[in-house]
Amino acid sequence: ALAQAVLTVAMAPVLLGWIDQCRAWLQNRRGAGVLQPYRGLRKLFLKDAVIATNASAIFRASPYVQFGAMALAAAIIPVFSTRPLLATSADTIALVGLFAVARVFAALAGMDVGTAFGTLGARREMLVGFLSEPALLMVFFAASLLTQSTLLPVIVETLSHRELGIYPSQAFAGVAFVMVLLAENARIPIDNPATHLELTMIHEAMVLEYSGRHLAMIELGSALKLLLYLSLIGSVFLPAGVAHPGDGLAGYGVGLAAYLAKLTVGALLLAVFETAIAKMRVFRVPQFLGAALMLGFLATLLLFVSRGL
């Protein structure tokens, strides 16, 4: 369980590198390589952090809180095994709470210094979070009603032993979760992580005042958050290959190989989607996330209807 959590944190930067490399290939560019995020993090950790004179303790603590929340979430989510480090200590509601804690501290830090861009990004971030969290909870409620448990290991174990088939509730929940993934991780069409245009930034606007090790912690936490969301798709909606207790080293090896394959394909599909679609207007984000909430609600409603029949 400890190795699973450590491996998840260590693999987060290479996932971003693979996505950027795939986008470069799709745009007929060479790309910087999959290891470029590691080089960027190393350079940032070696630099001193420049802090504004009017920054409070929230501004200094926010990078560590954001990374700590994501690292704790990595100990809750089953990655390639159904026995994470905190398998029985936290459930899906606690997981959503950890994501909310990281978001709140990021918004508070963005407003702390008092810059216009930081306040703008914080307001937009809280708007996105206010709309995406209910949709994420509805997705988890659908999975919990299907498995009669809110613990992720139990959910994954139950779903992995179900017969192969098409389940409408899971299909609706899967589409809703992908939409939440794009919003929560500031990906296209909600936000462009590579842009620095002032009027379109959401996440980047809140971290403009950070530098050095603080910026490195924030970037590492953001990369880990994206990896965790992709891991949830692979474990909850595509649980095939996940190792179970008692499988032995061979079972864990198969689970790790299946997990890496899911991450590779998922990152490639994300790069293709971001290359093929344009960023939407900020005022259309509520409609986008409202559709995700309705899909999550339909997934839950279908479970009740099917049980009544």
Query - All positions within the stretch 262-281 that are open to solvent by less than 60 Å² (accessible area, probe 1.4 Å), closer than 13 Å to residue 227 by Cα and either not hydrophobic (A, V, I, L, M, F, W, C) or not in a helix (DSSP H, G or I) (or both) - result: 262, 266
Report summary line: Residue hits (the stretch 157-197; within 30 Å of residue 23 (Cβ to Cβ), buried (at least 18 other Cβ atoms within 10 Å of the Cβ) and more than 18 Å from the chain's Cα centre (by Cα)) are 170, 172
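So, in the stretch 42-53, exactly how many residues are surrounded by 15 or more Cβ atoms within 10 Å (Cβ to Cβ) and either touching a Leu at 6+ places or on another chain (Cβ under 6 Å) or basic (Lys, Arg) (or both)? Quick ask: steps written out before the conclusion?
Kept after step one, since they are surrounded by 15 or more Cβ atoms within 10 Å (Cβ to Cβ), are these residues of the stretch 42-53: 44, 49, 51.
Going one step further and asking which of them are either touching a Leu at 6+ places or on another chain (Cβ under 6 Å) or basic (Lys, Arg) (or both), we end up with 44.
Total meeting the criteria: 1.
A quick yes/no check of all residues on (1) in contact with a helix residue (DSSP H, G or I) (Cβ under 6 Å, 6 or more places away or on another chain); (2) open to solvent by 50 Å² or more (accessible area, probe 1.4 Å); (3) part of a loop (DSSP other than H, G, I, E, B):
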| residue | (1), (2), (3) |
| --- | --- |
| 6 | no, yes, no |
| 21 | no, no, no |
| 30 | no, yes, yes |
| 83 | no, yes, yes |
| 94 | no, no, no |
| 105 | yes, yes, no |
Query raised in the report: helices (runs of 4 or more DSSP H) wholly in the stretch 119-231 with at least 2 residues that are within 26 Å of residue 88 (Cβ to Cβ) - which ones?
Result: 152-160, 168-184
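Regarding residue 246, is this residue part of a helix (DSSP H, G or I) and not acidic (Asp, Glu)? Give the steps one after another, and end with the answer.
Details: part of a helix (DSSP H, G or I): no; not acidic (Asp, Glu): yes.
It is false that residue 246 is part of a helix (DSSP H, G or I) and not acidic (Asp, Glu).
The values are calculated or read from the model by the stated rules, or taken from the named source; none is laboratory data. What you see is a predicted model; the values in this text were computed from it and never measured. Methodologically, a virtual Cβ is constructed for each residue, glycine included, from the backbone with ideal geometry; neighbour enumeration extends over all protein chains shown. These accessible areas exclude ligands, DNA and RNA; they are computed on the full protein's heavy atoms, side chains included. Shrake-Rupley method; radii C 1.70, N 1.55, O 1.52, S 1.80 Å.
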